[in-house]
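Here's the structure, in structure tokens; my notes come after.
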Amino acid sequence: MKRATRALNAVEPDSAAREDAGTAPLADGLDRTFTADGDRPYTFDIACQAAAAPHTVVLTLARGDAESEWEVECGDREADQFNIPAGAPFTATVAPAKPGVDGLVLWRLNTVAPEDVEDCEDDVAGCEN
């Protein structure tokens, strides 16, 4: 858990204000809907740690009709960070791991200053380059 917490800390900008955070066993997965009120953009940061390495999980982000899937590698030194603009609620889902896979998924939902949004401004709907 310490390694995954360090990975989350590694990507957190100075402007971050914690809105929510949690931990779930990989065996249970994650299926949670978050509000994204206000006028500041959000980041959804996720890290996982698995006893059996290497291991990856698939994160699905959904809002309205938009949905995107992302592969998250467990044990990375930096958490994966996804930009979510303020607005309607969104759902983050990680399917439960196969039996016998021990580990944790840790996540944080932060608001950030607009200048701290890097690359795509909406990782749910996607961006064209």
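The values are calculated or read from the model by the stated rules, or taken from the named source; none is laboratory data. Remember, predicted model here, so these are calculated numbers, not experimental data. Neighbour counts are summed over all protein chains in view; Cβ atoms, including those assigned to glycine, are modelled from backbone coordinates with ideal geometry. Just the protein is used for accessible areas: all its heavy atoms, side chains included, with ligands, DNA and RNA removed. Shrake-Rupley method; radii C 1.70, N 1.55, O 1.52, S 1.80 Å.
Tabulated data
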| item | result |
| --- | --- |
| The range 82-129 - percent of accessible surface contributed by carbon and sulfur, probe 1.4 Å | 49 |
| Sum of side-chain charges, PHE82 neighbourhood, beta-carbon under 9 Å (Lys, Arg +1; Asp, Glu -1) | -3 |
| Anisotropy class of the range 1-47 from Cα gyration tensor, a/c 1.5 cut | oblate |
| Beta bridges per DSSP with both ends in the chain, % antiparallel, nearest 5 | 100 |
| Computed over the range 28-128, the ratio Rg/Rh where both radii use C-alpha atoms and Rh is Kirkwood | 0.98 |
| Surface accessible to a 1.4 Å probe, per residue, for the residues of the chain, Å² | 56 |
| Lys, Arg +1 and Asp, Glu -1 on Cβ, resulting dipole of the chain about Cα centre, debye, nearest 20 | 740 |
| Percent RCO, i.e. relative contact order, over the range 14-129, from Cα pairs under 8 Å lying at least 6 residues apart | 44 |
| Principal-axis tilt of helix 2-11 within the chain, Cα atoms, nearest 10 degrees | 20 |
| Cβ-based net charge around TRP70, under 9 Å, with every Lys or Arg adding one and every Asp or Glu removing one | -4 |
